[in-house]
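Colleague: Before I ask anything, here is the structure I am working with.
Computed from the coordinates by the stated procedures, all read-outs in this text should not be read as laboratory data. This is a predicted model, so every value here is computed, not measured. With ideal geometry, Cβ positions are generated from the backbone for all residues, glycine too; neighbour counts draw on all protein chains shown.
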Amino acid sequence: MKKKLNKIAKDTNLFLKRFINKQKKSELIIPMKYGLFSGGKKIRSKILIDIGSLFKINYRSLIIIGSAVECIHAYSLIHDDLPCMDNDTIRRGKPSTHVKFGESTAVLAGNSLLTMAYEILSHRDLDIPEETKINLINKISECSGHLGIAGGQYLDLSYEYKKISKKRIIEMEIKKTGRLFSFCCAAPLILKKRNKKEIKRFEDIGADIGLLFQVADDLIDNKGSLFITGKKTGKDKKKGKATLISLLGEKNTIKYANKLIFKIKSKLKKYGSKSKYLSETLEYILNRNK
């Protein structure tokens, strides 16, 4: 599993470095690279490639699409860490982008990574029909804006120190984290020009995977350490965050996560042994320690 993750991370970073190096230089390139190449595991790209393997999608195309996903993920982390958001000073074992370069630069670097994702998907390097590129850009935009990451972060902040129902917490976590995973699961079907119903089915699988990832992240925050995770832990409780742990407790949250894995695997039964790589990734997501 780690070998596969390392290969995907290496190939994704190689593409991104080449893509950035071909662009005209600007003062924002350095903070952009700082936030983008910070040692992330590229789990979203791994999910994209796992689903892509079910439909025999070209690996290079998936790496390019995954690179766009990682740009959006990096942008969201840079902005989440800002003092006006979650006010986190450490990310992946080093100072957050705003600590290193200042708040205004962090905002602009995050914005630039967001727009670079669209550059990547519309670029000639991605050798697919123009109509398919438009469909990918439309879907990733939907998953990143007010119906996705941005909307989820808004709810996350507005729910602090409030009693929130299980249903609303799940809706918030799916928006904040799940929607980008939804894109990763939908993209291979968009490439294959499958119908809307089938794309929606895989979007729902992605939402469940993203929810699993967020639940695992909350569990890590609840019991992890800065030395292992590379970020401050115990912050959710201090900030009065609305999480399933705060509502259900740790044991019941772990049970809920295992039920999610069972639910996802059940939806993929028809693919048989072809889905084994995705099953491995699901177990890794839940059992990782950072």
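Colleague: I need the chymotrypsin sites (Phe, Trp or Tyr not before Pro) found in region 88-177, filtered to DSSP loop residues with at most 10 other beta carbons within 10 Å of theirs.
Modeller: Passing sites in region 88-177 are Y161.
Colleague: For K235, give me every one of the aspartates and glutamates with a C-alpha distance below 17 angstrom, ignoring sequence neighbours fewer than eight places off in its own chain.
Modeller: D80, D81, D86, D88, D156, E160, E173, D217, D218, D221, E250
Colleague: Would you mind counting up the charge near E142? Only other residues with Cβ under 12 Å from its Cβ, with Lys and Arg at +1 and Asp and Glu at -1.
Modeller: Summing Lys/Arg as +1 and Asp/Glu as -1 gives +2.
Colleague: Where the centre of each part is set by its Cα atoms, how far does region 89-111 sit from region 16-31, in angstrom?
Modeller: With region 89-111 and region 16-31 each reduced to a Cα centre, they are spaced 17 Å.
Colleague: If I model a spin label as a point 7 Å beyond the Cα along the Cα-Cβ vector, how far apart are those points for K196 and H123 in nm?
Modeller: About 3.2 nm, to one decimal.
Colleague: To continue, here is another question. What number results when the radius of gyration of the chain, computed over Cα atoms, is divided by 2.2 N^0.38 Å?
Modeller: After normalising by residue count via 2.2 N^0.38 Å, the value is 0.95.
Colleague: Where in region 1-83 are there trypsin sites (Lys or Arg not before Pro) that are in a DSSP coil and have at most 13 other Cβ atoms within 10 angstrom of their Cβ?
Modeller: Answer by residue number: K22, K24, K25, K56.
Colleague: When only DSSP loop residues count, what trypsin sites (Lys or Arg not before Pro) in region 136-176 have their Cβ near at most 11 other Cβ atoms within 10 Å?
Modeller: Here the sparse-neighbourhood loop sites are K162, K163.
Colleague: On alpha carbon coordinates alone, what is the Rg over Rh value for region 1-104, Rh being the Kirkwood radius?
Modeller: My calculation of the ratio gives 1.01.
Colleague: At 7 Å along the Cα-to-beta-carbon direction for both H146 and L247, put a label point, then send me their distance in nm to one decimal.
Modeller: 2.4 nm
Colleague: Taking only DSSP H segments of four or more residues, each worth -39500 (n - 2.57), what value at 222 nm results for the chain once the sum is divided by all its residues, to the nearest 500 deg cm²/dmol?
Modeller: -22000 deg cm²/dmol
Colleague: So which residue, out of D86, D236, D125, gets the largest mean-square fluctuation from a GNM of the chain using Cα contacts under 10 Å as springs?
Modeller: D125
Colleague: For region 152-219, what is the convex hull volume of its Cα atoms per residue in Å³?
Modeller: 81 Å³
Colleague: Still on this structure: Straight distance only, please: which lysines reach the Cα of K166 with their own Cα at less than 17 Å, same-chain residues fewer than 8 apart left out?
Modeller: Straight-distance partners of K166: K175, K176, K237, K241, K251, K255, K259.
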